[in-house]
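**Student:** I'd like to ask you about the structure that follows.
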Amino acid sequence: MKGPYGLLVALRNDEPLLVVGGGPLAERKMATLLGAGCRPHLVAPVLTESLLADHDRGAFDWEPREATREDFRAFRLVLLALPPGETEKLLPWAREARCLVNCASSAEKGDWALLAQFDSGSCRVGVGSGGYDPALAAGKKELICRFLTDREVKP
């Protein structure tokens, strides 16, 4: 297993979560968060069309500007959905504010990662790669889901 030992944390839907970035990477991460019922706070100068549509329907709060040091002081959990160079610039502010950070473009620099997950009965089944290979984790999740479905266990 790459990286440190995994820890599963059940993020409450009302837990304040800062997402920085409005491009395609942010769009994918926001889809996961919104699909789980979270209401992230997004800071980015511009958004993809899809993110803008989600914002217009009231799915999340958006501040159309660059992130500042103060943004990190207001949140414990942060998801940086930015290119590696921009992540490097903002990461010191997040560390200074003692945030737990997901670095979507640089998994090795982050503290947490999202799982590919589904519900099966009263269990939540999740597969993670520590952020190193989300596509691989998603593929493994699909295999497990099909395995359970083939045995007539409802995922």
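A short reminder: the numbers here are calculations on the coordinates, not readings from a lab. Model, not experiment: these values are computed from the prediction. With ideal geometry, Cβ positions are generated from the backbone for all residues, glycine too; neighbour counts draw on all protein chains shown.
**Student:** Which far-off residues, 5 or more places away or on another chain, put their amide H under 5 Å from the one on SER105, with H placed in the peptide plane?
**Tutor:** HN-HN under 5 Å from SER105: LEU82.
**Student:** Take GLU49 and LEU143, extend 7 Å from each Cα along the Cα→Cβ direction, and tell me the distance between the two endpoints in nm.
**Tutor:** 3.6 nm
**Student:** Name the trypsin sites (Lys or Arg not before Pro) in the stretch 27-69 that are in a loop by DSSP and that have at most 11 other C-beta atoms within 10 Å, would you? Walk me through the numbers before you get to the answer.
**Tutor:** Numbers: sites: ARG28, LYS29, ARG57, ARG65, ARG69; in loops: ARG57, ARG65.
Hits after loop and neighbour filter: ARG57, ARG65.
**Student:** A further question on this structure: Over the chain, what is the mean sequence separation of C-alpha contacts under 8 Å (at least six apart), divided by residue count, expressed as relative contact order in percent? Don't jump to the answer; show the numbers that get you there.
**Tutor:** Working: 249 pairs, mean separation 26.7, N = 155.
Contact order relative to length: 17 percent.
**Student:** Only Cα pairs within less than 10 Å get springs; with that Gaussian network setup on the chain, which residue of ALA94, ALA113, ALA74 has the largest fluctuation?
**Tutor:** It is ALA74.
**Student:** Counting other beta carbons within 10 Å of each Cβ, put LYS141, LYS109 in order, fewest first.
**Tutor:** Ordered by Cβ neighbours within 10 Å, fewest first: LYS109, LYS141.
**Student:** Which of the following values of Cα extents along the principal axes in Å was calculated from the structure shown: (1) 48, 36, 30; (2) 60, 34, 27; (3) 50, 37, 24?
**Tutor:** Computed from the coordinates, Cα extents along the principal axes in Å corresponds to (3).
**Student:** What distance in nm separates the simple spin-label points at THR32 and CYS123, each placed 7 Å from Cα in the Cβ direction?
**Tutor:** Each label point is offset 7 Å from its Cα along the Cβ direction, giving 2.1 nm.
**Student:** Roughly what % of DSSP beta bridges within the chain run antiparallel, to the nearest 5?
**Tutor:** Antiparallel bridges: around 25 percent, rounded to the nearest 5.
**Student:** A further question on this structure: Can you list, largest first and rounded to whole Å, the semi-axes you get for the stretch 17-109 by taking the square root of 5 times each eigenvalue of its Cα gyration tensor?
**Tutor:** 20, 13, 12
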